Amino acid sequence: MKQLPTLAAGVLLTFAAATAIGGTVVEALLAGYRGAGASAFDATRGKALYNGTFPGEKPSEVRQCTTCHGVDPNKPGLHPRTGKTIAPLSPGANPARLQNPDEVEKWFQRNCTWTLGRPCTPQEKGDFLTYLQGL
Amino acid sequence: MSRIRKILGTLLFFSCLSGTLLLGVQATTGNGAEKSPAGAKTTLKGVIVTEEDLLYEKECGSCHFPYQPWWLPERSWEKLMSGLQNHFGESAELTPATQQQLTGWLRNHAAEHSTIGRARGMLRSIKADATPLRITESGYFRRKHHELPRQVWQENPAVRSLARCDACHPRAELGSFNEHEVKIPGVGRWDD
């Protein structure tokens, strides 16, 4: 074991921890958002964010979470520019989802910036995760 | 083919295989993958891929097919990796540590360090003072695809972009781009 590079060991540990105690990754994230000032989370607002429409760069362009993740988070999505299939976003349909806090934050950062033109607030992130958890 | 070239070719082939293997590894974690002392992962099939191969696959293969690093010169990868916040109109931002690690990996495996014929051809087609960020804009790529009418890609809803190598080259993830294997979605085999 001591021969393993830290990275590999870290990955294994994260994986083991995540599988063993399932939902607590999301619990911990939610606790963090509360600590950052968010109030009670609401799945309905999370759903509204998922289906919300935002202006793109061109007047004709509309950006949505559904642009890549599809209308139903229980089904696979498709990246419209690269054609790559994106596995379902809901943890119910795809147990590999929401297992690593760094991954969740990385994608929130990228996808909110692209879709909304700004980062999501802790409230929005918490609402969104609550929505996904309840699917 | 010299011995060393053969070895390098085999190594490269194996690292390209990591794409397919990664899926196998994930599906069987617990018994399918073991760690060797060198930090490399050995799959059931006995193929060795390094942690960094897998990291590249994960980080640069999430939005599109992970382009082989030998398609572009070092300077291109360096420039591309320093502008991930605006990566072709999207954000592919990484933590500074991961960004540095992958930049090093890409540079080490860039076209200059490859013995693959296509990498040489690619290098020759790029002007010394140019730093292309796209494989698809290189002279080499254009030469290989200039016969393709726009109807079969740009106006084809199942393709749209030539950057989607794997849409038409079924074994692109294995590093194989043989023209006799090409199949264009909705069009079929392409043999001329």
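Every read-out reported here was derived from the displayed coordinates using simple, explicitly stated rules and does not represent laboratory data. Keep in mind the model is a prediction, meaning the values are calculated, not measured. Heads up, the Cβs are rebuilt from the backbone with ideal geometry, glycines too, and the neighbour counts pull from every protein chain shown.
In table form, for the structure just shown:
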{"item": "FRET efficiency, B:Gln100 to B:Arg134 (Cβ-Cβ, R0 22 Å, nearest 0.05)", "result": "0.45"}
{"item": "Estimated distance in nm for a label pair at B:Ser161 and B:Lys144, the labels positioned 7 Å out from Cα along Cα-to-Cβ", "result": "1.8 nm"}
{"item": "Neighbour cut-off at most 14 other Cβ (10 Å), DSSP loop, GluC sites (Glu not before Pro), the stretch B:108-192", "result": "B:Glu147, B:Glu155"}
{"item": "For B:164-171, mean number of other protein chain Cβ atoms within 10 Å", "result": "1"}
{"item": "Compactness index (Cα Rg / 2.2 N^0.38 Å), the stretch B:70-191", "result": "1.14"}
{"item": "Vicinal HN-Hα couplings computed from phi for the stretch A:90-102 (Karplus, 6.51 cos²θ - 1.76 cosθ + 1.60; Hz; Gly/Pro x)", "result": "7, x, x, 8, 9, x, 6, 6, 6, 9, 9, x, 5"}
{"item": "Where only alpha carbons of the stretch B:54-138 are counted, the Rg and the Dmax (Å)", "result": "12.4, 34"}
{"item": "Kirkwood hydrodynamic radius of the stretch B:147-192, Cα pairs, Å", "result": "10.7 Å"}
{"item": "Under-5 Å amide H pairs with A:Arg63, H placed in peptide plane, nonlocal only", "result": "A:Phe54, A:Gly56"}
{"item": "Rough spin-label spacing in nm, given labels placed 7 Å along Cα→Cβ, for B:Arg171 and B:Lys183", "result": "1.3 nm"}
{"item": "Net lengthening on full extension, A:Ala36/A:Asn100 (0.36 nm per residue, minus Cα-Cα)", "result": "21.1 nm"}
{"item": "For residues of B:74-82, the mean tally of beta carbons on other chains within 10 Å", "result": "0"}
{"item": "Cα principal axis extents for the stretch A:39-111, largest first, Å", "result": "36, 33, 22"}
